[in-house]
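Student: For reference, the structure I am asking about is given below.
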Amino acid sequence: MENIEQYIEALIFASEQGIRTEEIIYCLQASFEHDYTVDEVTEHVNTITQKYLDDAFAIEVVKINNGYQFLTKKKYHAAISLLQLQRSKKKLSQAALETLAIIAYKQPVTKTDVEQIRGVNCDYSIQKLLEKELIAITGKSESVGKPILYGTSSLFMDYFGINSIAELPQLKEITDNSSAIGEQVE
C-alpha cells in the first residue's frame, strides 16, 4: 500500500483517545487484507510524528498511555483554554439554569426537592451541572434513604462573577407583583 501513512494518520486523527499500535495494525489488516508488523507501523508513525514537529503545524502526534493521539502544541494551550471556557459558559440550557437557580437559593438541596419545585425530572440537568462543575455534592441528607445533597461550587461563583451566595439577588428583588390577583397586604 503506497499511502499507508495517510491511513495511519487518518486513524490517529479519528481516534477520540490514544490509538495503540495493535489497533492500527488490526484496522489496516482488516481493510487491506495484508499483514503489517509492529515495526512497520511504528516506523510510519515516527515519520508522521516528525512531519508534525514542523512549526507550520499547530498540532502534533503524542504518545500517551501506549497509544498515539493528535494534540495541540503546548504554545497554543492558553488560547484553547479561553475558547473552552467561553464555550462551556454558553452551553447552559434553560432547564439547567432553572435547576442551578433552585440549587443556588435552596442549597443544600436534594434532587427530589429540585424536581418538586420544577415539576419535572432533573437527572440530566444535574448531571450536566456536575460535569461543568457548577454544582458539587455537599453531603447526604439525614432523611429516609439518605439522598445526596447538592450545592453550588466555587466555579459557580467565578461563572456568575460573585464572591458569595449572599450576593445573589434576593428573591423579593426579582419577583414581579404586577400579575398578582387581589389586594396586597403589607
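The values are calculated or read from the model by the stated rules, or taken from the named source; none is laboratory data. Just so it is clear, the model here is predicted, and its values are computed rather than measured. Here the Cβ positions follow ideal geometry from the backbone for every residue, glycine too, while neighbour counts run over all protein chains shown. We work out accessible area using only protein heavy atoms, side chains counted, and drop any ligands, DNA or RNA first. Shrake-Rupley method; radii C 1.70, N 1.55, O 1.52, S 1.80 Å.
Student: Of the numbered conditions (1) closer than 30 Å to S141 by Cα; (2) of a type in the set (G, A, S); (3) assigned to a loop (DSSP other than H, G, I, E, B), A56 satisfies every one except a single condition; which is it?
Tutor: Among (1) closer than 30 Å to S141 by Cα; (2) of a type in the set (G, A, S); (3) assigned to a loop (DSSP other than H, G, I, E, B), the lone unmet condition for A56 is (1).
Student: Right, something else. Looking at the stretch 106-124, can you tell me whether even one residue there is in contact with a Gly (Cβ under 9 Å, 6 or more places away or on another chain), surrounded by 18 or more Cβ atoms within 10 Å (Cβ to Cβ) and not in a loop (DSSP other than H, G, I, E, B)?
Tutor: Checking the stretch 106-124: at least one residue is in contact with a Gly (Cβ under 9 Å, 6 or more places away or on another chain), surrounded by 18 or more Cβ atoms within 10 Å (Cβ to Cβ) and not in a loop (DSSP other than H, G, I, E, B).
Student: Right, here's the next one. Restricting to the stretch 1-51, what's the tally of residues that are under 22 Å from K74 (Cα atoms) and in contact (Cβ under 8 Å) with a residue 12 or more places away in the chain?
Tutor: Counting residues in the stretch 1-51 that are under 22 Å from K74 (Cα atoms) and in contact (Cβ under 8 Å) with a residue 12 or more places away in the chain gives 11.
Student: Filter the stretch 129-144 down to residues that are open to solvent by 70 Å² or more (accessible area, probe 1.4 Å), outside any strand (DSSP E or B) and of a type outside the set (D, E), then give me how many there are.
Tutor: 1
Student: I've got another one for you. Mind checking which pairs have a first residue in the stretch 55-77 that is closer than 14 Å to I24 by Cβ and a second that is open to solvent by 80 Å² or more (accessible area, probe 1.4 Å) and among the acidic types (D, E), Cβ under 8 Å, 6 or more apart or different chains?
Tutor: Close Cβ pairs satisfying both conditions: none exist.
Student: Please find, among E98, E60, E33, the residue that is touching a helix residue (DSSP H, G or I) at 6+ places or on another chain (Cβ under 8 Å), over 28 Å from Y150 (Cβ atoms) and of a type outside the set (G, A, S).
Tutor: Only one candidate qualifies: E60.
Student: Restricting the stretch 158-186 to residues that are touching a helix residue (DSSP H, G or I) at 6+ places or on another chain (Cβ under 8 Å) and either over 18 Å from V109 (Cα atoms) or open to solvent by less than 90 Å² (accessible area, probe 1.4 Å) (or both), which is modelled with the lowest pLDDT?
Tutor: Among those residues, the one meeting the criterion is Q184.
Student: Turning to a different aspect of this structure: Give me the helices (runs of 4 or more DSSP H) completely within the stretch 1-52, filtered to those with at least 1 residues that are open to solvent by less than 60 Å² (accessible area, probe 1.4 Å) and of a type in the set (D, E), ordered by residue number.
Tutor: 4-14
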